[in-house]
Amino acid sequence: MICHVCESPAVGQCQVCWRFYCREHGEIICETCKEKSPDWQTSHGQSDVALSQAVSVAGPDQPPPTPEQLEEMMRQMGVVRKTILKRVIPVAQTQTIGDTQITLVSLDLYDECFDAHIRLRTLGIGQADPVQRHGMPNMEWEVTDDAGRQYATSFNGGGGSSDEYRYDMTVAPGITDDVQRLDFVINQIEWSTFPFLPNFGRRTITEPGPWRFEVSVN
């Protein structure tokens, strides 16, 4: 695995975009994501000192962390704890731009956050660029409500084949009772080749949007 910034040997994987970074370009979060979201540390209660302490707990010469230490590491890294599922909102909205079709499938609402489940299909895959056929879509979501409040998003897992992906995203904080509508926007998708496909090199292509979704939460 190589760093997506400088192609040096990777030492970790970013917990926001899930691309790999080297010692110079990341620590829990890669430099690219830190630059794109300068308020990440504030909004997630993080600091460089706290991150270093969290990483040192599970160092190679250390015993496995206790449950209490894991809980503290999660808190310091901004991992949102999901407790009781309040309700599920079926959405099933689909937007297609060019050959890329995105469906916002549903939302799972918790007190602390909510999860969004997304499906992406590449239509006409036979004519698609090799980066799209053999790469990974990196989607940058903007989420706001009808009062103009902005929400933080983080990748929560996903995968798929050459023409279909399933993508889960955690959004925080949780919505309050006064929220009537949530707006989801993807301004662009950046397709990146996987580091273990050397025949295609380290390539990216950008596919412009926007894909927009308006969801009533009543």
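Bear in mind that the values in this text are calculations on the coordinates, not laboratory data. Quantities reported herein were computed from a predicted structural model and do not represent experimental measurements. FYI the Cβ positions are ideal-geometry reconstructions off the backbone, even for glycines, and counts take in every protein chain you see.
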Ranking of SER8, SER216 by count of other Cβ atoms within 10 Å, fewest first: SER216, SER8
Efficiency of FRET from Cβ geometry, THR206 and ARG23, R₀ 30 Å, rounded to 0.05: 0.60
Each residue of the stretch 203-218 in order: what ³J(HN,Hα) in whole Hz does its phi give by Karplus 6.51 cos²θ - 1.76 cosθ + 1.60, θ = phi - 60°, with x for Gly and Pro? 10, 9, 9, 10, 10, x, x, x, 9, 10, 9, 10, 10, 7, 9, 7
Going from the fewest other Cβ atoms within 10 Å to the most, one would list MET169, MET136 as MET136, MET169
Extending each Cα 7 Å along its Cβ direction at VAL88 and GLU142, get the distance between those two points in nm, one decimal. 3.1
For CYS30, CYS3, what's the fewest-to-most ordering of other Cβ within 10 Å of each Cβ? CYS3, CYS30
Using 0.36 nm per residue, how much length does the chain from SER216 to ILE2 gain when fully extended, once their Cα-Cα distance is taken away? 72.8 nm
